[in-house]
Amino acid sequence: MSDAALLLAAVVLHHMTGEGDFDKFLGTEAWPYGKSSLSPDDALPIGLLLLLAAAGKSALVPFSGWLPRAMEGPTPSSAVFYGALSVHLGAFLLLRLSPLIAISMWLAIAIVALGLITAVFAYLAGSVQT
């Protein structure tokens, strides 16, 4: 699901701007000082698709069910891969998108809300599991 959302974000970006290169719309300056060239109205749908991609990779709500099953894999290397590498990809994606988040207030609100919902869900799940 997250890979499809990332691909769809590139397609929507190409439809809106004529280019599908994420680096060009995040600004020419080095991260985190870049300024996005998109308008806030164009940034919201692309940002929401990229948030969906990050949520799938980082096992945020509603995609949190795959991570415990993946950690129970047959080899320790699978647990290391998912626990140490794959889960951090969503956070890295959101960090790289900070110029886009800075211009869209609704996108920033959606990210904070999804983070809070995930934190509350993790607290409740941790409280009732043995």
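Per-residue Karplus couplings for region 9-22, computed as 6.51 cos²θ - 1.76 cosθ + 1.60 with θ equal to phi - 60°, are listed in order as 4, 5, 5, 5, 4, 5, 5, 7, 10, x, 9, x, 8, 5 Hz, Gly and Pro entered as x. Considering all different alpha carbon pairs of region 75-130, the Kirkwood hydrodynamic radius works out to 13.4 Å.
Computed over region 1-45, the range of Cα coordinates on each principal axis works out to 30, 19, 17 Å, biggest value leading. Rounded, prolate or oblate for region 30-92? Axes are the square roots of the Cα gyration tensor eigenvalues, ordered a ≥ b ≥ c, and the cut-off for rounded is a/c under 1.5. Judged from the Cα gyration tensor, region 30-92 comes out oblate (a/c at least 1.5, b/c at or above a/b).
Once the 1.4 Å probe is applied to the protein heavy atoms, the chain comes out at 62 Å² accessible per residue. What is the log10 of I(q)/I(0) for the chain, computed with the Debye formula using one identical point scatterer on each Cα and no solvent, at q = 0.14, 0.21 Å⁻¹? At q = 0.14, 0.21 Å⁻¹ the computed log10 ratios are -0.67, -1.21. Coupling constants for region 119-130 follow from the phi torsions by the Karplus curve (6.51 cos²θ - 1.76 cosθ + 1.60, θ = phi - 60°), and in residue order they are 5, 5, 5, 5, 5, 5, 5, x, 6, 9, 7, 7 Hz; glycine and proline get x. As a fraction of the 1.4 Å probe accessible area of region 36-130, surface on carbon and sulfur atoms comes out at 74 percent.
Scalar couplings 3J(HN,Hα) for region 88-103, obtained by applying the Karplus form with A = 6.51, B = -1.76, C = 1.60 to θ = phi - 60°, are 7, 5, x, 5, 5, 4, 5, 5, 5, 8, 4, x, 6, 5, 5, 9 Hz; x denotes Gly and Pro.
Return a whole-number percent for the relative contact order of the chain, with Cα pairs under 8 Å and 6 or more residues apart as the contact set. Could you put the intermediate results ahead of the total?
Numbers: 130 pairs, mean separation 36.0, N = 130.
Averaging sequence separation for qualifying contacts and normalising by length gives 28 percent for the chain.
The values are calculated or read from the model by the stated rules, or taken from the named source; none is laboratory data. Because the structure is predicted, anything quoted here is derived from the model rather than measured. When the accessible area is computed, the model is the full protein with side chains, heavy atoms only, and any ligands, DNA or RNA have been set aside. Shrake-Rupley method; radii C 1.70, N 1.55, O 1.52, S 1.80 Å.
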